[in-house]
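Have a look at the structure below before the remarks.
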Amino acid sequence: MNQQETHRLTRPHQRTGWYFVLAALLSISTGGFAQQMAGKATAKPITTAAAYSADKTVIARGQALFQATCTTCHNFRQKGIGPNLAGITGEMSGPWITAFIRNAPEVIKGGDVRGLRLFKEYNQYMPAFPDLSESDLSALLAYLHQQPKPKAETADARPSVPDPIPARIQKSGLRVTLTEVTTAPATAKQTPLARITKMLVLPGANGLPDRQFVVDIRGLLYEMKGADMLVFMDMAKERPAMINSPGLGTGFGSFAFHPDFYRNGLLYTSHTEKAGAKPADFAYADSVKVALQWVVTEWKMTDPASPAFAGTGRELFRVNMVASMHGMQELTFNPLAKRGSPDYGLLYIGIGDGGCTENGFPFICRDKSRIWSSVLRIDPLGNNSKNGQYGIPASNPYMGDGDPATADEVYCRGFRNPNRICWAPDGKMLISDIGQTQLEELNLGIAGADYGWPEREGTYVMNYRGKMDKVYALPANDRSMGYIYPVAQYDHDEGNAFSGGFVYAGKTIPLLTGKYVFGDIVNGRVYYVENRELAIGRQAVVHELDIELNGKLTSFRELTGTRKTDFRIGQGLNQELYFFTKTDGKIYKVTGCSK
């Protein structure tokens, strides 16, 4: 269940009656609730159906709470970030479910059998939800009770692959030195304290220096000057309809300065708004739910040299999403493209499947007439799109296919969540894709390529029509299907979500030169592959980097004090690397590397 990441403070609730009983039970260390439930976690439930409200108003309120708080991690069809919750009230008692929602880490630490099993399977704690009131929880359980366990599906006849990558990632023998630079301003009183996700350098011009920017997806874009974080743009003020929940990636998703910014003052952003806020340019059948909308905006600054944004904005397009996950978290221009070259000034947009696959609507991301699960490439200064608000380059791969139904904005497709895009110094386009329950992958961006989702995850088959928590070997005729496979991948023995990085091209750390440095969002481990090894048809070897701070070997789990570190990588001034964590908002610069 996803912790609702908003500006709201923990509000007081009436903590009377059974809440205090539950809290007291949880507080007993040896004979507490979790310990008492440990031997009963798999026994028959003690709560009867009559204990759950059948009032339609209560159930509707519970549904709203579930959509606002839980859908990023849970659904009633598949395992995702967390378990499938269909039939949970038939398996576990109401008090157990309530206790787990209130404070899952405490229940797990108390030795609860089911909790320990879930922790082992998902390798992270579900966050606590102390600010849900008793009536909130009653409504939520009433809604959960309406979701019965589905009938057993026929087992897949193929043998699944239990361990996709048996070989473990090895230590490289290299240790990177970190220097703490600053802490981003907290935008909440609970973790994650600052949802900082992307760092970008705006190249200088006309005697102006390079400038370094960081976004907090709760709505703030900062200019980073040394240790100072200066607000450059407040999206909530510019677009009051912006929402930053539910979901791990909703809010101020991404930003990119036009390569001619100091001539035209143009900045591009993505952000989320409520479902139905305005008619969507990219939609699907009314019978399929819409959780929220992603919006791409072009902003024109009155004075591009100003330290803070002032100007106007126009909407390029908006997209409906089935769920709050796997949205639009990357906007970028090719920094290697020179003025006059075909790629100059074209905006790349990474857009995920929006949760359509695991929610039962895979056709939304498998159809070439739709833009989901793709990297788009548009000309923001053109006007030949269907809505006339942007252009579609003639060099895009589907522009000349003769099919009027094809989404010509698509540059390449077949991604679950193309979270980060960068270019290596030798021109390679690198696209990191966050996987489902088995594999994380790095891909070479190739015009017109199909990377397989939801038919494929990494170099394996995905059964998107059934249960998606298993993968299978490729069929004998796989080559005829034309899928492009990752150039590097790791499985969930090593992490849970790919944190995209960069090929180091700075001048101060020669031991990192030519290495694509990346990591895992959840556990904060730092990896690299050699850029020279990235080629279609083979897998580059993944190595692990140790990290050192203040002369001490450490880890991001140790530094953040949490199991989920929310680890990200940025490229700052002079192409130097920065590591940062949403959990606590701390920003570190990589200042050295030693053997």
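You can think of it this way: the chain between N477 and T513 has 9.0 nm of extra reach, that is 0.36 nm per residue less the Cα-Cα gap. Hey, what D do you get for segment 257-378 in µm²/s if you plug the Kirkwood alpha-carbon radius into Stokes-Einstein at 25 °C and 0.890 mPa s? Using the Kirkwood radius from Cα pairs, D works out to 157 µm²/s.
Applying the Karplus relation 6.51 cos²θ - 1.76 cosθ + 1.60 with θ = phi - 60° to segment 337-353 yields 3J(HN,Hα) values of 6, 9, 3, x, 7, x, 8, 5, x, 9, 9, 8, 10, x, 10, x, 7 Hz, where x marks Gly and Pro. Placing a label point 7 Å from the Cα of N384 along the Cα-to-Cβ line, the residues of segment 400-416 whose backbone N sits under 18 Å from it are 400-412.
Calculated mean residue ellipticity at 222 nm for the chain: -4000 deg cm²/dmol, from DSSP H runs with n ≥ 4 weighted as -39500 (n - 2.57), summed, divided by the residue count and rounded to 500. The modelled label-to-label distance between A535 and N574, using points 7 Å beyond Cα along the C-beta direction, is 3.4 nm. Modelled spin labels at D210 and E134, positioned 7 Å past Cα toward Cβ, are 5.9 nm from each other. Taking Cα centre as origin and charging only the Cβ of basic (Lys, Arg, +1) and acidic (Asp, Glu, -1) residues, the dipole magnitude of the chain rounds to 860 debye. Given R0 = 51 Å, the distance between the Cβ atoms of R263 and K109 translates into a calculated FRET efficiency of 0.35. You can think of it this way: the chain between S395 and A305 has 29.1 nm of extra reach, that is 0.36 nm per residue less the Cα-Cα gap. Here, segment 434-514 yields an orientationally averaged convex hull projection of 7.1 nm² when only Cα atoms define the hull. Each listed q (0.13, 0.16, 0.21, 0.27 Å⁻¹) maps to a log10 I(q)/I(0) for segment 197-249, found by the Debye formula over equal Cα scatterers with no solvent: -0.38, -0.55, -0.82, -1.06. Under 15 Å from the Cα of K149, which aspartates and glutamates turn up, not counting those fewer than eight places away in the same chain? By straight Cα distance, K149 reaches E91. With viscosity 1.002 mPa s and temperature 20 °C, the Kirkwood radius over alpha carbon pairs of segment 321-427 converts through Stokes-Einstein to a diffusion coefficient of 148 µm²/s. Which log10 I(q)/I(0) values does segment 168-237 give at q = 0.14 Å⁻¹ under the Debye formula, counting every alpha carbon as one identical point scatterer? Result of the Debye calculation: -0.58. For segment 103-148, the equivalent ellipsoid derived from the alpha-carbon gyration tensor has semi-axes of 22, 14, 9 Å in decreasing order.
If the segment from A405 to K56 were pulled out straight at 0.36 nm per residue, it would be longer than the present Cα-Cα gap by 121.5 nm.
A value for Rg and Dmax of the Cα atoms in Å was derived from the coordinates, and within the list (i) 29.1, 101; (ii) 27.6, 92; (iii) 23.8, 73 it appears as (iii).
Once all protein chains are placed together, S324 keeps about 10 Å² accessible to a 1.4 angstrom probe. For A64 and D426, the FRET efficiency from 1/(1 + (r/R0)^6), where r spans their Cβ atoms and R0 equals 45 Å, is about 0.35. Paramagnetic label reach from S369 (point 7 Å along Cα→Cβ; backbone nitrogen cut-off under 19 Å): within segment 473-487, no residues. At an R0 of 22 angstrom, the distance between the Cβ atoms of K189 and K225 translates into a FRET efficiency of 0.25.
The values are calculated or read from the model by the stated rules, or taken from the named source; none is laboratory data. Nothing here was measured: the structure is a model prediction, and the numbers come from that model. Here Cβ is always computed from backbone atoms with ideal geometry, including for glycine, and neighbour counts include all displayed protein chains. Side chains are part of the model used for accessible areas, which takes the heavy atoms of the whole protein and leaves out ligands, DNA and RNA. Shrake-Rupley method; radii C 1.70, N 1.55, O 1.52, S 1.80 Å.
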